[in-house]
1. Of the residues that make up the range 82-96, is at least one in contact with a helix residue (DSSP H, G or I) (Cβ under 7 Å, 6 or more places away or on another chain) and not in a helix (DSSP H, G or I)?
2. Suppose we filter the range 74-128 for residues that are small (Gly, Ala, Ser), surrounded by 14 or more Cβ atoms within 10 Å (Cβ to Cβ) and either in contact with a Cys (Cβ under 8 Å, 6 or more places away or on another chain) or under 30 Å from residue 179 (Cα atoms) (or both); how many remain?
3. Within the range 252-270, does at least one residue satisfy the condition of being touching a helix residue (DSSP H, G or I) at 6+ places or on another chain (Cβ under 6 Å), at pLDDT 90 or above and surrounded by fewer than 17 Cβ atoms within 10 Å (Cβ to Cβ)?
4. Would you point out which residue out of 127, 102 is at pLDDT 90 or above and assigned by TED's automatic domain parsing to the domain that holds residue 87?
5. Just give me the residues in the range 149-175 being buried (at least 16 other Cβ atoms within 10 Å of the Cβ) and under 30 Å from residue 108 (Cα atoms), in sequence order.
6. Within the range 191-217, how many residues are crowded, with 16+ Cβ neighbours inside 10 Å and in a loop (DSSP other than H, G, I, E, B)?
7. Could you tell me how many of the residues in the range 229-251 are under 13 Å from residue 215 (Cβ atoms) and buried (at least 18 other Cβ atoms within 10 Å of the Cβ)?
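The values are calculated or read from the model by the stated rules, or taken from the named source; none is laboratory data. Keep in mind it's a predicted model, so treat the numbers as computed, not measured. Every residue, glycine among them, receives a Cβ derived from its backbone with ideal geometry; neighbour counts consider all protein chains shown.
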Amino acid sequence: MIHGTPLFLCCAGILAAASAAAQPAPAVFGNGSEYDCLIEARQALDIRSPVEGVIDKVLVQRGASVRKGQTLALLSSGPERAALDLARSRATNEGEIKAAQARVDITKKKMERAEELVKKNFVSENARDEAEADYRLSVEQLRVAQENRRLAELEVKRSEEVVAQREIRSPVPGIVVDVLVRPGELTSSNQKDPILKLMQVDPLNVELILPTANFGKIKAGQRAYVMPEAPVGGKYVARVEVVDPVFDAASGTFGVRLTLPNPDRKIPAGLKCRARF
């Protein structure tokens, strides 16, 4: 008994205190400081047509997820496709080349025959020269036919590019946030309203404004935790992409951008968050 307390209770209390003192302190990542941040789209794009034309079809709606290269809208392209068909027909036409090749073969044989007859004094040298001239002319005609064939093939490529410009494709994977032009309306590259607005949301940008006291402590490639506000919540790993090398003298701060992967597009852009390095 120690001052009215049983001895076994005193020993138990001492052991419990010693055990608690032996437990390691909880680990802290970095300095534990959290900073306000804003989650933004990687980029916001106004999708326009490179050429003037009438909208034939709009193939996506607001809120649709699109992949890179997906066709978003089609312009009317009847004359352009007709020109492409004509160019393909010319490029695949073998008649001119085959006829020119046949003339080469015939005139070559005539020239060789004339050469033999000249040696035997059966024909004059003038006849041989004429046969040789006919052969050279036929060779030149074949060369022209082959050159025309190459030009026709180039015309096919040009026509294909013209038709391709009538198909509006997405330059990035993203989300359609608005459709501004409808079928039947005229569109062009210098029109005020784009065909539609698109946002790339994988990856996302996370923008922070940090005190200048932290400059030099944050490096590109460094890991950070991003915690979106409700209703998304959770904790996500991001990487430092940009550390601004210029301070804002008025506020004593500098900017930092993080890259936040968002493959499932669960995190919306425009959301406030907290970040910890």
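1. No, the conditions are met nowhere in the range 82-96.
2. Counting residues in the range 74-128 that are small (Gly, Ala, Ser), surrounded by 14 or more Cβ atoms within 10 Å (Cβ to Cβ) and either in contact with a Cys (Cβ under 8 Å, 6 or more places away or on another chain) or under 30 Å from residue 179 (Cα atoms) (or both) gives 2.
3. Scanning the range 252-270, I find at least one residue that is touching a helix residue (DSSP H, G or I) at 6+ places or on another chain (Cβ under 6 Å), at pLDDT 90 or above and surrounded by fewer than 17 Cβ atoms within 10 Å (Cβ to Cβ), so the answer is yes.
4. Step by step, each of 127, 102 is checked, and only 102 is at pLDDT 90 or above and assigned by TED's automatic domain parsing to the domain that holds residue 87.
5. Matches in the range 149-175: 149, 152.
6. Counting residues in the range 191-217 that are crowded, with 16+ Cβ neighbours inside 10 Å and in a loop (DSSP other than H, G, I, E, B) gives 5.
7. So the count comes out to 2.
Quick grid of which residues meet (1) modelled with pLDDT under 95; (2) among the small types (Gly, Ala, Ser); (3) in contact with a Phe, Trp or Tyr (Cβ under 9 Å, 6 or more places away or on another chain):
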{"position": "107", "(1), (2), (3)": "yes, no, yes"}
{"position": "115", "(1), (2), (3)": "yes, no, no"}
{"position": "122", "(1), (2), (3)": "yes, no, no"}
{"position": "135", "(1), (2), (3)": "yes, no, no"}
{"position": "144", "(1), (2), (3)": "yes, no, no"}
{"position": "172", "(1), (2), (3)": "yes, no, no"}
{"position": "176", "(1), (2), (3)": "no, no, no"}
